[in-house]
Amino acid sequence: MPYLKLFGTVIGGWVMGRAADAASTRLTRGDADADFLAAKRITAHHYALQVLPDAGALRDTVQHGAGTTLGLSDAQFKE
């Protein structure tokens, strides 16, 4: 489960980054939908500050969590 959360968090950051980059490009060209594009950039910034930092903890769980995940023997699962 932590691996899937990590994957989703990082891919979400990548998608948000691409959206922010596209919005910035369109804003510099003088796109008429400036309010929407500005909101895209703000949303991506929020994601980067509030959600993306979770990726570090999830990475650590994926890399070092096997000890507790696999800590029980087969016999202990049956009891």
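What follows draws every value from the coordinates through simple rules; no lab data is involved. Remember, predicted model here, so these are calculated numbers, not experimental data. Neighbour counts run over all protein chains shown; Cβ positions are idealised from the backbone, glycine included.
Considering each of A19, A38, A32 in turn, give the residue that is over 24 Å from M1 (Cβ atoms), surrounded by 14 or more Cβ atoms within 10 Å (Cβ to Cβ) and over 11 Å from the mean Cα position of the chain (by Cα).
Only one candidate passes the filter, namely A19.
Taking the condition of being out of contact with any Phe, Trp or Tyr (no Cβ under 6 Å at 6 or more places or on another chain) and farther than 30 Å from A22 by Cβ, how many residues in the stretch 39-79 meet it?
Step one: of the stretch 39-79, the residues out of contact with any Phe, Trp or Tyr (no Cβ under 6 Å at 6 or more places or on another chain) are 39-61, 63-79.
From the residues that got through so far, the ones that are farther than 30 Å from A22 by Cβ too are 60-61, 63-79.
The qualifying residues number 19.
Filtering the stretch 41-60 down to residues that are in contact (Cβ under 8 Å) with a residue 12 or more places away in the chain and small (G, A, S), which residue is nearest to Y3 (Cα to Cα)? Quick ask: steps written out before the conclusion?
Going through the stretch 41-60, the residues in contact (Cβ under 8 Å) with a residue 12 or more places away in the chain turn out to be 41, 43-45, 47-48, 51-52, 54-55, 58-59.
Going one step further and asking which of them are small (G, A, S), we end up with 44, 48, 55.
Numbers: A44: 22, A48: 19, A55: 10 Å.
Only one residue tops the list, namely A55.
Out of the residues in the stretch 41-79 that are touching a Ser or Thr at 6+ places or on another chain (Cβ under 9 Å) and of a type in the set (D, E, K, R), which is surrounded by the most Cβ atoms within 10 Å (Cβ to Cβ)?
Among residues in the stretch 41-79 that are touching a Ser or Thr at 6+ places or on another chain (Cβ under 9 Å) and of a type in the set (D, E, K, R), the one surrounded by the most Cβ atoms within 10 Å (Cβ to Cβ) is R41.
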